[in-house]
Amino acid sequence: MALPKIDQPLFELEIPSTSKKAKYRPFTVKEEKILMIAQESKDMDQIILSIKQVINNCMPDVDVDTLSVFDLEYIILNIRAKSVNNEISFAFEDEETGEKVETVININDVKVQFNDEHNKKIDINDQYYMMMRYPSLEEVRQMQAVEEGSTEQMFATMISCIDTLVDESSDEVFKLSDFSSEEVSDFVDGFTSSVVEDIQKFYVTMPKLRHTIDYKNSKGNANQFVVEGMDSFFT
């Protein structure tokens, strides 16, 4: 006689980048082992792969490769809250005293922060505008592999995350993924400096998983510590 298969409860959350709702289940011992092994490795690439694998297992109706970085971070935190508990022990160093500060973060308090100045629409001129998409986790890691601040990185970022070009005079929409890399590169080379600045602003103001911890150090001074991004929450 076979052992029974244990049914898992289903929960629902809203994916931050799309506002669409998706169902997910808590992770099991199998997925918990995947996360623990990755965290013990201290290898960020391994941690990222494990997070994607767990999300893929627990939220099968969502294509994990299309999710933004802040989507992945938010989803895995919520899965963890339903699977274990909604608290994460966290420690950091106080800049003033150099002392270690230990605290507990309530996952329910951690939200994706949206900047009022953020805009996915980039105007090129009176006739054309572009719609940007958020970089995937792989694209972010590739960008980080390129020397920070390099021209190559900047233009590779622009090319990879321009989703569509819209002609307002005819309502024609061009999907940039339908064109060759050479064609897209030639298109990007024609941008004015103001267009480039607007694209850079898109990245700088992108939504982030961010949480501020208010505390008093050993000298009694009120301070804040900001927890932000994959590296902070999962290492």
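The values are calculated or read from the model by the stated rules, or taken from the named source; none is laboratory data. Keep in mind that this is a model prediction, so the values were computed, not measured. Positions of Cβ are generated from backbone atoms using ideal geometry, with glycine treated the same way; all protein chains shown enter the neighbour counts. Areas reflect the complete protein model, heavy atoms only, side chains present, ligands, DNA and RNA absent. Shrake-Rupley method; radii C 1.70, N 1.55, O 1.52, S 1.80 Å.
Assorted remarks:
- Residues located in segment 58-73, provided they are under 15 Å from the mean Cα position of the chain (by Cα) and part of a helix (DSSP H, G or I): 64, 65, 66, 69, 70, 71, 72, 73
- Note on segment 197-213: residues that are within 14 Å of residue 121 (Cα to Cα) and either charged (D, E, K, R) or at pLDDT below 90 (or both) total 5.
- Pick from segment 156-196, criterion open to solvent by 50 Å² or more (accessible area, probe 1.4 Å), β-branched (Val, Ile, Thr) and at pLDDT 90 or above, ranking: farthest from residue 127 (Cα to Cα): 192
- Selection from segment 19-57 of residues that are free of Cβ contacts under 8 Å to residues at least 12 places away in the same chain, of a type outside the set (Ser, Thr, Tyr) and assigned to a loop (DSSP other than H, G, I, E, B): 20, 43
- Test: residue in segment 116-136 that is buried (at least 16 other Cβ atoms within 10 Å of the Cβ), modelled with pLDDT of 75 or more and assigned to a helix (DSSP H, G or I): no
- Scan of segment 183-226 for residues that are touching a residue at least 60 places away in the same chain (Cβ under 8 Å) and of a type in the set (A, V, I, L, M), ordered by number: 195, 199, 206, 209, 213
- The set of residues in segment 85-106 being under 30 Å from residue 19 (Cα atoms) and touching a residue at least 40 places away in the same chain (Cβ under 8 Å) consists of 88, 90, 105.
- For segment 41-92, filtered to residues that are under 13 Å from residue 13 (Cβ atoms) and among the charged types (D, E, K, R), the residue that is surrounded by the fewest Cβ atoms within 10 Å (Cβ to Cβ) is 61.
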